[in-house]
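Step one of this worksheet: look at the structure below.
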Amino acid sequence: MKVLVINCGSSSLKFRLIDTATETVLARGLFERIGQEKGGFSYIPGEKDKITEDRVIPDHYEAVKILIETITDSRLGVIGSLDDIDAVGHRIVHGGDKFAHPVVITDEVIRGIEECSRLAPIHNPVNLLGIKACMKYMPDTVMVGVFDTSFHQTMPEEAYLYGIPYEYYERDRVRKYGFHGMSHEYVAGETAKMLGKDIRDTRIITCHLGNGASICAVKGGISVDTSMGFTPLAGIIMGTRSGGIDPEIVNYIATEENKSLQEVMDILNTKSGLYGVSGYLSSDVRDLTEEYDKGNEDAKRALNKLSYSITKFIGAYVVVLGGVDAITFTAGIGENSWLVRKLVCERLNALGVVLDEEKNKNVKGADMISAAESKVKIFRIPTDEEMSIARQVVKTLS
Ligand code: AMP
């Protein structure tokens, strides 16, 4: 099957055309700064060189139109016509507890996604825009919605309920949802392959460490708990997000600093995490590592807090899973920062984790980075959310 994967952000549209039989990427591209004065489009047909172009892109509809023109173009294209595309897979951030699986998009599904917009007011409407634009230009192609939250719909009640009055769950669906589902599912699957085991016989902890970050406990291929919550603000500390804190802090800062609720939430979302803990040095682990190497105390404090925060969730999830076979690092920090992986693994010696220091520093692609004597296997596996979406489209349609 040839599946076109669409991932829409508020001012961006990322796409990939994948031949799912061989898992080959036929083309990929990115539209940036949609709706702004100076837009940009980059495109890579197959193994060929990247083409970049400054181009004003007024809206997501125009982006989809250019996308189609490009992939079917006689010179730059990779397919003869739109008929060669068997399905479109759309990334949708929030499926609430309505969508526990990917679904073929119908009018009813669109209404369901709209209803979930109150849970993700920034993301869902823009995901819907991508769906509507594709429907306009590809009215005869089947569309599948794949949700960031659905992988975690298998969590048991004791994991997803908060200790607040039950009526908020019953009436308003206030509960833990979890995010990065496609990434956790993909890397857990790849980890099982590298363990040489049937995923149903595995207990894996996946650490998706990017600007936003979450940890997931995966038992037999199923998510049983994850660190993000009702929103992506919960869990471990992130680039600029606080992660879980005592909720009374919100009231305290608002009162002491005479700030509105919105202003305090803004601090927790954009001025906290690594950025805040480092005294506003940086939210980027690359900068913090450079400063850490120079002995900068602010960088040290931030990276220590990050590794401690990750380790605490791993420790809890080992108990939740009743043991662990493998821990996998992925996403921007998890894939690229040997220092963060080392700081985390040093804190895991109670589990018998021993890192192969050389491998950890020089690892490329998907590989094991633990020493032979390590009681738990440690992996570094690049995530591939688009491939995860394409796989789920095939599964949904077969
Ligand atoms: P993501 O959200 O998955 O794209 O991850 C972005 C984050 O990954 C950046 O903000 C950095 O903190 C981190 N990152 C990316 N590349 C590197 C690198 N080479 N070394 C350390 N951290 C990196």
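None of the figures in this text is laboratory data; all of them are computed from the coordinates on show. Computed from a prediction, not measured in an experiment: that's the story for all the values here. As a convention, Cβ positions derive from the backbone with ideal geometry for all residues, glycine included, and neighbour counts pool all protein chains shown.
For this structure, a couple of remarks:
- Farthest toward the positive end of the dipole of the chain, out of Gly39, Ser214, Met143, is the Cα of Ser214, where the dipole comes from beta carbon charges about the Cα centre.
- Across the chain, the mean sequence separation of Cα contacts (distance under 8 Å, 6 or more residues apart), normalised by length, yields a relative contact order of 13 percent.
- Using a cut-off of 21 Å between Cα atoms, the listed pairs Lys294/Lys359; Lys342/Lys377; Lys342/Lys375; Lys176/Lys300; Lys14/Lys50 include Lys294/Lys359; Lys176/Lys300 as exceeding that distance.
- Under the combined filter of DSSP loop state and at most 15 neighbouring Cβ atoms within 10 Å, segment 1-46 retains these trypsin sites (Lys or Arg not before Pro): Lys38.
- Within a Gaussian network of the chain (alpha carbon springs, distance under 10 Å), most fluctuating of Gly279, Gly243, Gly163: Gly163
- Cα centroid separation - segment 67-99 against segment 116-155, whole Å: 13
- Within straight-line reach of Lys395, meaning a Cα separation under 16 Å, sit the following lysines at least 8 residues removed in sequence or on another chain: Lys2.
- What separates the Cα centres of segment 205-273 and segment 45-66 is a distance of 34 Å.
- Relative to the longest principal axis of the Cα atoms of the chain, the long axis of helix 261-270 makes an angle of roughly 90 degrees.
- A crude spin-label estimate for the pair Arg118 and Asp83, with each label 7 Å from Cα along the Cβ direction, gives 4.6 nm.
- Anisotropy class of segment 1-106 from Cα gyration tensor, a/c 1.5 cut: oblate
- For the chain, the antiparallel share of DSSP beta bridges with both residues in that region comes to about 70%.
- Segment 110-196: relative contact order as a whole-number percent, Cα under 8 Å and 6+ apart: 23
- In this structure the amide hydrogen of Asp59, modeled in the peptide plane, comes within under 5 Å of the amide hydrogens of Gly35, none closer than 5 places in sequence on its chain.
- Euclidean distance of C-alpha centroids, segment 314-363 and segment 1-41, integer Å: 32
- Cα-based shape type of segment 75-233, given that a ≥ b ≥ c are square roots of the gyration tensor eigenvalues and the cut on a/c is 1.5: oblate
- Peptide ranges 204-214, 297-307 listed from the most packed, as the mean C-beta count within 10 angstrom indicates: 204-214, 297-307
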